[in-house]
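Every read-out reported here was derived from the displayed coordinates using simple, explicitly stated rules and does not represent laboratory data. Remember, it's a predicted structure, so these values are computed and weren't measured experimentally. For neighbour counting, all protein chains shown are included, and Cβ atoms are generated from backbone atoms with ideal geometry for every residue, glycine included.
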Amino acid sequence: MASVFSHAVATLGVSTCFYREQTPRRVWAVGAFCSVIPDFDVIGFHFGVRYADFWGHRGFTHSLLFAAILATVSFFATIRVALPSLGRFSLWLYFFLCAASHGLLDALTDGGLGVAFFSPLDNHRYFLPWRPIQVSPIGAARFFTHRGLAVLQSEFLYIWLPTAILIALLLFARSQYSPGSERRRRTTS
């Protein structure tokens, strides 16, 4: 899996795509929560759930159906505070992309059994063809070692840096094409 830090960082990129100044911060926090909740499946290890099981790590909770369910629950939990700053579909899509980004990032890692994207219809675990991210150790004690540092370096290069570039490009585009930007460009030319 990618680390919890990088799942949250990736959500910043998704959030920037949907950002509206009047949207309450709570909506963005729920999006970050959606990006990390799939890893709660590791609790199953303490109850004898095996990695490759339906409820095992990277199983159903990493699927696109789970992302849709989580997006729907999050949508109804935040709809009153989020509208009208985000439309209904945009709000749901934001939560869905935050949750689905988790499985996508995990499928880019070099370890584990893959991700059950299509569970419960197909419980086969998939990786993406390109797997540049070092898999993060499960558990905080194992993460804060030399291995954890190597994982963070890998994630910085393949998650944090691209996310920062995406955010910079989106912010630049907004500044160039937002209302009043024509006036700003004329005064600076």
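General remarks:
- Rounded tilt (10° steps) of 64-82 against the dominant C-alpha axis of the chain: 40
- Listed values [x] 1.08; [y] 0.96; [z] 1.14 include one computed from this model; for Cα Rg over 2.2 N^0.38 Å that value carries the label [z].
- Within the range 1-44: backbone nitrogen closer than 20 Å to the PHE156 label point (7 Å, Cα to C-beta): 1-13
- Between helix 146-155 and the chain: long-axis angle, C-alpha atoms, 0 to 90°, nearest 10: 40
- Counting only Cβ charges, +1 for Lys and Arg and -1 for Asp and Glu, the dipole size of the chain around its Cα centre is about 760 debye.
- Left without a cysteine partner by the 4.7 Å Cβ rule in the chain: CYS17.
- Per-peptide packing, taken as the mean over residues of other Cβ atoms within 10 Å, places 64-72, 118-126, 95-103 in the sequence 95-103, 64-72, 118-126 from highest down.
- Shape category assigned to the range 18-71 from the gyration tensor of Cα positions, a/c cut at 1.5: prolate
- Relative contact order %, the range 1-74, counting alpha carbon pairs below 8 Å whose residues are six or more apart: 23
- Remark: the range 46-138 projects, on average over all directions, an area of 7.3 nm² (convex hull of Cα atoms).
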